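Data first, discussion second: the structure below is written as structure tokens.
Just so you know, all these numbers are worked out from the coordinates, no wet-lab data involved. The structure displayed is predicted, hence computed values, not measured ones. Using ideal geometry, Cβ is built from the backbone for each residue, glycine included, and neighbour counts are taken over all protein chains shown.
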Amino acid sequence: MSTGVAEVRTLRLLGGRLCLDFANTVDPRHGDHRREYLGGYRDLVEWVRHAGVIGENEGRRLLKEAGRRPAEAATAFERAVMLRETTYIVFHAVAYDERPNPRDVEAIGQAHVGAMNHSRLASTPEGFEWVWAEDGVALERPIWPVALSATELLTSGDLGRVKECPGSDGCGWLFFDSSKNGRRRWCSMEGCGSRDKMRRLYARKRTGGSGSGG
């Protein structure tokens, strides 16, 4: 069931990498009251617009085309969710210094190859860069940059910076620790970090309050 455009657009982008933010469209990952932010193709398009992957005009074209080809849009959405879950599984393993299942890594690689089939090398004033080929309205367009982000991170050599938030509410959000000392623990200090601090403070007061007279 769709959560609605407004909710998708207010989802915080704390992962530090596009693929991790995409994996974080379930909140919390491990809690009892999980919210699914991607309820359908419209939510997918709104999220990639929110993440800055596509512009407003391209988003409108995708939604218009999805209305014309609902079955294909549904298939594209299913593939997007599969990529999201595979991305989470792979980087969850990475965060705990475990070896991901080769089949999951291969699935991300295949998504990367599929995306690159829709790209071309173009000349720009700054040099050369890969751009998306204009080959009609491709309903899988939203996940192409996500697939590239995942493979770029996997091959970056910075996997020790990939972490999973240990928030006591079952957060489980993935993030790339870009802090100078590499000691970031929470998806955000304002959210999970602050809640953990308050819980520890409350616990200290409960265990030490009676003995100190208050």
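Can you tell me the orientation of helix 194-208 relative to the chain, as the angle in degrees between its alpha-carbon axis and the longest Cα principal axis, to the nearest 10?
On a 0 to 90 degree scale, this one is about 20.
Report which label in (1) 1.22; (2) 0.96; (3) 1.18 holds the value of Cα Rg over 2.2 N^0.38 Å derived from the coordinates of this structure.
Here the calculated entry is (3).
Using unit Cβ charges (K, R positive; D, E negative) and no other charged atoms, how large, in debye to the nearest 20, is the dipole of the chain about its Cα centre?
1120 debye
Find out how many positive minus negative residues lie around V94, taking Lys and Arg as positive, Asp and Glu as negative, among other residues whose Cβ is under 14 Å from that of V94.
Combined, the nearby Lys, Arg, Asp and Glu give -3.
Just to confirm the number: angle between the C-alpha axis of helix 41-50 and the first principal axis of the chain, 0 to 90 degrees, nearest 10?
The angle comes out near 70 degrees.
Under the Karplus relation 6.51 cos²θ - 1.76 cosθ + 1.60, θ = phi - 60°, what is the ordered set of whole-Hz ³J(HN,Hα) values for region 17-32, x standing for Gly and Pro?
9, 4, 4, 6, 4, 5, 5, 8, 7, 10, 9, x, 6, 10, x, 7
Go through 120-126, 186-192, 37-43 and give me the packing order, highest mean Cβ count within 10 Å leading.
37-43, 186-192, 120-126
Once amide H atoms are built 1.01 Å from N in the peptide plane, which residues 5 or more positions from V162, or in another chain, come under 5 Å H to H?
Those lying under 5 Å, H to H, from V162 are D177.
As I understand it, the dipole of the chain uses +1 on the Cβ of Lys and Arg and -1 on the Cβ of Asp and Glu, about the Cα centre. Which of G15, P70, S188 lies farthest toward its positive end?
S188
So what J values fall out for region 137-154 if you push phi through Karplus, 6.51 cos²θ - 1.76 cosθ + 1.60 with θ = phi - 60°, rounded to Hz, Gly and Pro as x?
8, 8, 5, 8, 3, x, 8, 4, x, 5, 4, 5, 4, 5, 5, 4, 5, 4
Please give the helix 70-95 orientation as an angle from the longest Cα principal axis of the chain, in degrees from 0 to 90, rounded to the nearest 10.
Computed tilt is about 40 degrees.
Which value in deg cm²/dmol, rounded to the nearest 500, describes the helix-derived mean residue ellipticity at 222 nm for the chain, given -39,500 (n - 2.57) per DSSP H run of n ≥ 4 and division by the residue count?
Dividing the helical sum by the residues of the chain leaves -15000 deg cm²/dmol.
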